[in-house]
Amino acid sequence: MEKTTETATVNSQTGEEERMRDEYQKLIQTLPKESNWDGGYLYLYQGCWCPSLSFQGLISFQRHFQVDDTDVILITPPKSGTTWLKALAFAIANRMHYPLSQSPLLTSNSHHLVPFLEFNIYHENPFPNLENIHSPRIFSTHTPYALLPSSIKDSKCKIVYLCRNPLDRLVSYWHFIGKLRPETVEAISLDQLVDMFCRGLTAHGPFWDHVMGYWKASQEMPNKVLYLQYEDMKVEIVSHVKTLADFMGCPFSLDEEKQGMVEEIASFCSFDNLKDLEVNKTGKFHTGKQNNVFFRKGEVGDWANYLNPTMVERMEKLMEEKLEGSGFTFKRGFIYDD
Ligand SMILES: Nc1ncnc2c1ncn2[C@@H]1O[C@H](COP(=O)(O)OS(=O)(=O)O)[C@@H](OP(=O)(O)O)[C@H]1O
């Protein structure tokens with residue numbers, strides 16, 4: 001690009017960025033809001049409770065993201081196994097470029113390698129250049145189906161959705177926010193968090209709209225939306241790695257299967273292996289967040305150690321109502337599962 005053209009483009013983008021920032025500020029003031037655990041707010045935007053941190057990024061993502069038919073978008077409610085799914089998808093898609101012994105996952109957390117569209121990419125720059133990433137490009141988001149840009153819904157790109165039972169997810173979230181809470185903000189009790197959950201007040205929630213939106217999409221378009229559950233992956237990861245690779249358009253060859261590549265990727269991305277990598281023990285995200293906040297226990301059923309029967313009953317009853325007739329059920333761990 002010639003220097004004058006380049007300068008003109010930069011100036012027009014800066015002008016556009018300023019105009020958009022003004023627009024966000026005006027828009028955000030018109031939205032219903034509730035206090036969030038970090039001292040910020042959740043804003044009710046298009047039926048979704050958006051954290052202040054990702055609001056501007058979400059709108060830029062909705063407006064500007066240009067999808068490719070070969071893209072793979074990993075979508076989760078927070079604390080559902082996103083870190084795991086990102087590692088698996090990255091290892092699967094990049095196995096031709098790096099053997100596992102030289103995998104970038106050894107030196108970078110999977111959130112760094114597969115960034116969030118709203119929290120990272122479009123938060124940092126409303127006009128990111130995503131053209132030079134090799135195919136399949138892998139992105140992630142916590143955005144509910146209803147809010148996805150129509151370009152994603154209408155394209156041939158693939159969506160991999162991963163959810164987790166709401167009880168374990170809530171306990172995981174509670175520990176996570178306990179570690180990240182600014183000192184100036186009062187800690188949220190589990191009781192308060194359960195109450196917020198039942199009022200629909202979870203980031204990118206209501207939670208039931210999130211899981212149901214993608215559940216319906218996966219029922220209507222099984223070739224476009226792969227719907228996974230954390231608990232199933234914990235029980236049997238090898239077949240999930242194969243399913244994921246097939247779905248992403250990078251199936252394992254017979255030779256790779258014979259060489260044990262599927263098992264190797266599954267075990268490389270296991271909780272125990274990733275958690276103990278130096279980068280995940282002591283490394284930090286560029287925002288200063290410690291990578292170790294993404295690894296705690298990685299178990300199914302840990303909720304039973306934290307939630308009392310009243311909390312469980314309240315959440316279960318609500319979820320039953322919300323999921324009724326959908327054909328979808330959660331797996332809650334050994335205690336109540338059949
Ligand atoms: N490799 C692997 N295998 C299984 N489980 C894993 C793995 N990596 C992270 N975890 C557990 O996932 C929980 C964190 O969820 P997310 O990665 O979705 O968090 S985030 O939304 O990206 O912040 C959190 O769950 P809890 O241990 O129950 O808190 C992590 O420990």
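Please treat every number below as a calculation from the coordinates, not as lab data. In this text, all values refer to a predicted model and were calculated from it rather than measured experimentally. Cβ sites come from the backbone with ideal geometry, for glycine too, and all protein chains shown count toward neighbours.
Among the candidates 263, 183, single out the residue that is among the charged types (D, E, K, R) and either outside any loop (DSSP other than H, G, I, E, B) or under 19 Å from residue 88 (Cα atoms) (or both).
263
Checking the condition more than 24 Å from residue 107 (Cβ to Cβ), among the hydroxyl-bearing types (Ser, Thr, Tyr), in contact with a helix residue (DSSP H, G or I) (Cβ under 6 Å, 6 or more places away or on another chain) and part of a helix (DSSP H, G or I), which residue from 227, 214 passes?
Checking each option against the conditions leaves just 214.
In region 52-86, how many residues are assigned to a helix (DSSP H, G or I), within 16 Å of the ligand (Cβ to nearest atom) and among the hydrophobic types (A, V, I, L, M, F, W, C)?
4
Can you confirm whether region 277-289 contains a residue that is within 16 Å of the ligand (Cβ to nearest atom), surrounded by 12 or more Cβ atoms within 10 Å (Cβ to Cβ) and closer than 30 Å to residue 220 by Cα?
no
What single numbered condition from (1) of a type outside the set (Asp, Glu); (2) crowded, with 16+ Cβ neighbours inside 10 Å; (3) in a helix (DSSP H, G or I); (4) within 14 Å of the ligand (Cβ to nearest atom) fails to hold for residue 307?
Of everything listed in (1) of a type outside the set (Asp, Glu); (2) crowded, with 16+ Cβ neighbours inside 10 Å; (3) in a helix (DSSP H, G or I); (4) within 14 Å of the ligand (Cβ to nearest atom), residue 307 misses just condition (3).
Among the listed residues 232, 191, 154, 195, which satisfies the condition of being of a type outside the set (A, V, I, L, M), within 16 Å of the ligand (Cβ to nearest atom) and more than 18 Å from residue 54 (Cβ to Cβ)?
232
Might you check whether a residue that is within 13 Å of the ligand (Cβ to nearest atom) and either charged (D, E, K, R) or out of contact with any strand residue (DSSP E or B) (no Cβ under 6 Å at 6 or more places or on another chain) (or both) occurs anywhere in region 240-261?
yes
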